[in-house]
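The values are calculated or read from the model by the stated rules, or taken from the named source; none is laboratory data. Since we're looking at a predicted model, the values are computed, not measured. With ideal geometry, Cβ positions are generated from the backbone for all residues, glycine too; neighbour counts draw on all protein chains shown.
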Amino acid sequence: MLLKKRLVVLFSVLFLGTLLYIRCNSFVQNEYVITPIATHYSGQSFVGSVACMECHAQIYNTHIKTAHYNTSSIASDLTIKGNTSLNENELDVNDSIYLKIEQNNGLFYQKAYLKDSDSLITSHKIDLVIGSGVKGQSFLNWRADSLFQIHTSYFTKSNSWIKSPGFRDSILQNNRRTSARCLECHTTYVETRVSDSQKNRNAYNKNRFINGIDCERCHGPAGEHVKFHKEHPKKLEAKHIKTTKSLTRQQQLDACALCHSGPRKLKMKPEFSYTIGEDLNKFSSPDFFSTRRELDVHGNQYGMLMASKCFKESETMTCATCHDPHKNERSNTSKFINKCISCHDKSSDCSLDMTTRTNSTQNCITCHMPKIKSKSMFKTTAIAKDTISVSVYSHHIRVYQNSID
């Protein structure tokens, strides 16, 4: 009898153990393993926008065509817009030195030569492209774990190579360090390597470098989000991610203000520490003393919008009221005009009739958000030292006396 009881207990233990093993093994098989490509200061994992494509293919496919997504990239035939053909790839530095942008086995270099002998002086590999090419591009060179901007940039308006903005005239420069603050507005995330002896904040982990402004820049690191929905495919409510509807108006504005409010002063917190949904002013604040009032390439669109009557009299207006960050809407003037008319269709403030307001040459945009010449993005011509500038739409919405096309 005692033996029988022992056998029953033994079989019961074995049965329960088998069930527990099957259940645990099933759980392990269903667990989705995340391999982060970078880890934020907060401990959250970046997984890359490709991880978003499976569930958000339509948004992903339109977003990768935007200037935001393409604002930084690995140097290649596809990403470098300037002409590297013979006689089209040169830039004079001074009476003694000229530069060439050359391609060799799929790699790009800036090479400096002496004019009198065509002797090679220096050669710097172009590793990273900064800028989508809508207005222009600058180029960065890796030296160990530091990044430097090279002397040559590309200017779209004249389709030519120019001296990089801010570089001194007639002097060859290739040692301008690339700060983390610059990268913060042209990449989604970069892991910095900063020590007490590296106050220039110019040391980075090449393997933890996410180019472009992608999904995770505006929605936060998505590791937990992807993991949860891979393990729970029937759960449709977005978990562990920031969505527009989950943010307050100011939080939505802060997401854009990080890069569109002019120079900013850090508040004892490193670049890339801010994430969507936090109070941006706790990380950095606008530097009004160094910000020009006029709109520029690195302009204060956020500040100008806040000064606009449209913004002041609205309780809901944000940047996304007029801009869809998931789509390339450049040159889609009718779309922006319709945004204006959706609020001002019955307004008596405008002296123009509706037909004239939607005319291609005289409309809401040309009258109230005209293009203004850039003060920093320009090319100086060799003849008479004239300048060719890009023109940028003003975001201070008001009545203007003159506009510049």
Quick one: which of Thr192, Thr156, Thr188 is touching an Asp or Glu at 6+ places or on another chain (Cβ under 8 Å) and under 26 Å from Lys65 (Cα atoms)?
Thr188
All positions within segment 64-74 that are of a type in the set (A, V, I, L, M, F, W, C) and crowded, with 21+ Cβ neighbours inside 10 Å
none
So in segment 78-102, with the set limited to residues that are polar (S, T, N, Q) and surrounded by 15 or more Cβ atoms within 10 Å (Cβ to Cβ), which one is nearest to Thr152 (Cα to Cα)?
Asn89
The one condition in (1) within 28 Å of Ser284 (Cα to Cα); (2) in contact with a Leu (Cβ under 8 Å, 6 or more places away or on another chain); (3) modelled with pLDDT of 95 or more that Tyr98 fails to fulfil
(1)
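For (1) modelled with pLDDT of 85 or more; (2) loosely packed, with under 15 Cβ neighbours inside 10 Å, each residue gets a yes or a no:
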position	(1), (2)
Lys327	yes, yes
Asn338	yes, yes
Asp345	no, yes
Thr358	no, no
Asn363	no, no
Name the residue, out of Tyr41, Tyr60, Tyr69, that is touching a Cys at 6+ places or on another chain (Cβ under 8 Å) and either at pLDDT 95 or above or of a type outside the set (Gly, Ala, Ser) (or both).
Tyr60
Hey, among the residues in segment 236-271 that are assigned to a loop (DSSP other than H, G, I, E, B) and touching a helix residue (DSSP H, G or I) at 6+ places or on another chain (Cβ under 6 Å), which one's surrounded by the fewest Cβ atoms within 10 Å (Cβ to Cβ)?
Lys239
Considering segment 315-330 alone, what residues qualify as being of a type outside the set (Val, Ile, Thr) and either assigned by TED's automatic domain parsing to the domain that holds Val134 or part of a loop (DSSP other than H, G, I, E, B) (or both)?
Glu315, Met317, Cys322, His323, Asp324, Pro325, His326, Lys327, Asn328, Glu329, Arg330
Residues to consider are Thr122, Thr156; find the one that is at pLDDT 95 or above, among the polar types (S, T, N, Q) and at negative phi.
Thr122
